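Structure record follows, encoded as structure tokens.
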């Protein structure tokens, strides 16, 4: 097992196992984070969880009711919330947007997320906030670091090591050092795994290696002021069982600058300013990580994203708070590719060619007003101007621009009934311009190399109007929540394959659609030691234009858990139950995948345990898929024809998986 020996030695030298610290680790393994406030779910990405996630953002999210992940291999799956994927779900890393380069979504934004490098993950359900960018009709996911604060010169840190089946091994080190005036916050992660086996013992082309480093340097001249420079660098490689190429480079470079000033005046409570640049250099080929005796091909897209944000929080009265701000973003996508029958293609000698450019800027305002004790209204408005430029050659839209004005807004009422009970209802509207992948479809392609003239570049923006309603209870032995939604999608961007043209042809077109569904979670403490948990997630979708089911809608899913917690150890069991899905529309869906066919239901049983020998040390272990079930998720990519591997209708999930995790804290 590969580890970070220098880092471990440093932590142990500083007394990582010593007593007398304020850090107390929760030794319950996370299986399904609950909704703690209206339409908001938060979770600790450093905590052990079951099933064990791949070391990326998508697999961490699938623990939350309502989320699914479209599997492609061992890592870099695409998250889906309430049947909505890709650009309908905003992903922000410390307020920054990262956009992948791969035209087939090898690298969604969550592929560049290394969860344990962050302190908190927050999910905002539905179009019920306007502060985090345009077009997030399904919701927003915030991966956030908490800036350290030091009263005296201090060094502290956190590390974890994980071992598991398929030679899985992870190493994570985070550390903070500072004084009242300056601080440094560093994180380093590495994760490696070989091909996993499904429940039948068949190997899946899925090995990966990932690493990341993050550094933040901060200046805090007083308690209310912070200026922070952040830097990040990450890379990796991944094998995919659903396609003819693997990812051999996921190089990300980041630089960001953030300023915050609080308590400026009785009215001006806070000012925030942020600028950033994210650059992704992605390489995929069909020879480095698989056997290939034929033509060798390589694609090398890249994407540069620049953005900025300025926001202020105003205390208009004792009962009213207003957040106002403006955001701007630009990104450019380029591509170069090469093929050779006689050797390794020399793609790096080729010049890059830009194929699309995007620009947007917008303003927003979000207000919270307390009507009376326990009654409040939250609402917001946003308007964005979006422009896309088609730089491709040989297309009907080559050289053209599409400019759209995007509007968003919401209004929500919340009522605290007392006794830990809250009711809420909200109406939201969001508009989203088509993204790179939706504009880049090839409805006339007769081969993978064809650059036919047909184009979907000028597809209309998508508009979503959604009603949310729910209730929360958090008192005594019961913690519970239920949320439901109903959404009308005008000009919904539907992706469909076109087998009558060729296996390479696909189209993007606008339809009208309706989705509705619900999530619920419950925790009941039977005694001071025993607790039971249950969650439920259900969604249904209709393509109103074609009078068919909406593609890529996950089936009904429930989870039942039982946990025992003593002073220093805990144990638990999780039973995940998924129904069959017979409401399908074969060949239609989103930019990540299209429906393959109907599926049957399945159940997966897992167990876990943890032990805290002292309040600085946590040892946790688990067995996922205890009975070695062979199964695949309904929304999954199809298996590809890869030499040495069986072809499957869908990418099967891992079979029985054992894991052991050690976490140490230093304060």
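General remarks:
- Enumeration of residues in the range 637-657 that are under 12 Å from residue 200 (Cα atoms) and in contact with a strand residue (DSSP E or B) (Cβ under 6 Å, 6 or more places away or on another chain): 655
- Residue 388 being over 30 Å from residue 426 (Cβ atoms) and either touching a residue at least 40 places away in the same chain (Cβ under 8 Å) or surrounded by 13 or more Cβ atoms within 10 Å (Cβ to Cβ) (or both): yes
- Checked across the range 439-456, the condition of being assigned to a strand (DSSP E or B), buried (at least 17 other Cβ atoms within 10 Å of the Cβ) and over 26 Å from the mean Cα position of the chain (by Cα) holds for no residue.
Listed here are the residues, each with its yes/no results for (1) part of a loop (DSSP other than H, G, I, E, B); (2) modelled with pLDDT under 90; (3) touching a strand residue (DSSP E or B) at 6+ places or on another chain (Cβ under 8 Å).
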residue	(1), (2), (3)
20	yes, yes, no
23	yes, yes, yes
26	yes, yes, no
32	yes, yes, yes
41	no, no, yes
45	yes, no, yes
51	yes, no, yes
54	yes, yes, yes
58	no, no, yes
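- Of the residues in the range 465-487, none is buried (at least 22 other Cβ atoms within 10 Å of the Cβ) and within 16 Å of residue 546 (Cα to Cα).
- The conditions of being buried (at least 16 other Cβ atoms within 10 Å of the Cβ) and at pLDDT 95 or above are not met by residue 347.
- Considering (1) assigned to a strand (DSSP E or B); (2) touching a residue at least 60 places away in the same chain (Cβ under 8 Å); (3) within 30 Å of residue 74 (Cα to Cα), the lone condition that residue 249 does not fulfil carries the number (2).
- Exactly one residue among 134, 109, 127, 221 is closer than 27 Å to residue 329 by Cβ and either at pLDDT 95 or above or in contact with a helix residue (DSSP H, G or I) (Cβ under 7 Å, 6 or more places away or on another chain) (or both), and that residue is 127.
- Qualifying residue in the range 269-280 (condition: under 29 Å from residue 653 (Cα atoms) and surrounded by 15 or more Cβ atoms within 10 Å (Cβ to Cβ)): yes
- Restricting attention to the range 367-398, the residues that are within 16 Å of residue 333 (Cβ to Cβ) and in contact with a strand residue (DSSP E or B) (Cβ under 9 Å, 6 or more places away or on another chain) total 10.
- Single unsatisfied condition, residue 575 versus (1) assigned to a strand (DSSP E or B); (2) over 23 Å from the mean Cα position of the chain (by Cα); (3) crowded, with 19+ Cβ neighbours inside 10 Å: (3)
- Applying the set (1) within 26 Å of the chain's Cα centre (by Cα); (2) buried (at least 16 other Cβ atoms within 10 Å of the Cβ); (3) under 30 Å from residue 648 (Cα atoms) to residue 626 leaves exactly one unmet item: (1).
- Total residues in the range 79-116 satisfying the condition of being assigned to a strand (DSSP E or B), touching a strand residue (DSSP E or B) at 6+ places or on another chain (Cβ under 6 Å) and over 27 Å from residue 275 (Cα atoms): the figure is 2.
- Any chance residue 541 is closer than 30 Å to residue 40 by Cβ and either in contact (Cβ under 8 Å) with a residue 40 or more places away in the chain or out of contact with any strand residue (DSSP E or B) (no Cβ under 6 Å at 6 or more places or on another chain) (or both): yes
- Boolean, residue 374 is buried (at least 17 other Cβ atoms within 10 Å of the Cβ) and either under 30 Å from residue 271 (Cα atoms) or at pLDDT 95 or above (or both): no
- Count - residues of the range 434-448 that are modelled with pLDDT under 70 and within 18 Å of residue 105 (Cα to Cα): 1
The values are calculated or read from the model by the stated rules, or taken from the named source; none is laboratory data. In this text the structure is predicted, and so the values were computed from the model without any measurement. Neighbour counts are summed over all protein chains in view; Cβ atoms, including those assigned to glycine, are modelled from backbone coordinates with ideal geometry.
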